[in-house]
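Read the figures in this text as sums done on the coordinates, not as results from a lab. Fair warning: this is a prediction, and the values are worked out from it, not measured in the lab. Neighbour counts run over all protein chains shown; Cβ positions are idealised from the backbone, glycine included.
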Amino acid sequence: RRASRGDAFKKDAEGRWYFSDRIKDALRRRGENVSSFEVERAINEFPAVLESAVVAAPSSIGEDEIKAVIVKRDAASIDLMELAKFLVESLPYFMVPRYFEFVSELPKTPTHKVQKRILRDRPIDVEGVWDREAAGLVLRRQISQVPARFVLHEGDALALERVGDDADRRLAHEIGLD
């Protein structure tokens, strides 16, 4: 794929670049940036899903909620609670869509690109749009179990740092933080 001005990329630890999303399709939810491309990829791994598109939906508390518009594979049946739980296992909590809607096909341009603008304009408070939170699956940030230590920085500032590498893990074990 050739990069264009509207593409966003991520760089891994080895210096390789990976496509992340179209900049205009990126979402912001609960203070976190969300790649619609990554969420769509996770949804499309569910066996009964043929294809999906993820768009921003209005939120009553600011920023965006996430809405997944899904095309089922053939005559497949999808339990939305099962799909949501599947996504909880593969995505951070803030990337799991709140709203889900089934369609027979996604609106596309003559060059087969999904017309997300049309999907963003569709209402969420209508019959046929499933609300994960209204169904009882409310996701919250989990407190990390990663060992940490207090470190004295310049100016006598005490900071809590996560323990990441092997030496830090050994130190955490020695002082009882693990």
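Observations on the model:
- Computed from backbone phi with θ = phi - 60° and the Karplus coefficients 6.51, -1.76 and 1.60, the 3J(HN,Hα) list for region 106-122 is 7, x, 10, 7, x, 9, 6, 8, 5, 8, 5, 4, 5, 5, 5, 7, 6 Hz; x is used for glycine and proline.
- Under 5 Å, built H, 5+ apart or other chain: amide partners of Ile66: Ala57, Arg98, Tyr99
- Over region 58-114, Cα pairs under 8 Å with separation of 6+ residues give a relative contact order of 46 percent.
- Amide H to amide H distances under 5 Å link Ile124 with no residue, where only residues 5 or more positions off or on other chains count and H is placed in the peptide plane.
- With a cut-off of 20 Å on the backbone N, the residues of region 112-140 near the modelled label site 7 Å out from Ile61 along Cα-Cβ are 124-125, 130-140.
- The loop-placed chymotrypsin sites (Phe, Trp or Tyr not before Pro) in region 67-114, going by DSSP, include none that has at most 15 neighbouring Cβ atoms within 10 Å of its Cβ.
- A DSSP coil position with no more than 12 other Cβ atoms inside 10 Å describes the following GluC sites (Glu not before Pro) in region 40-110: Glu45, Glu105.
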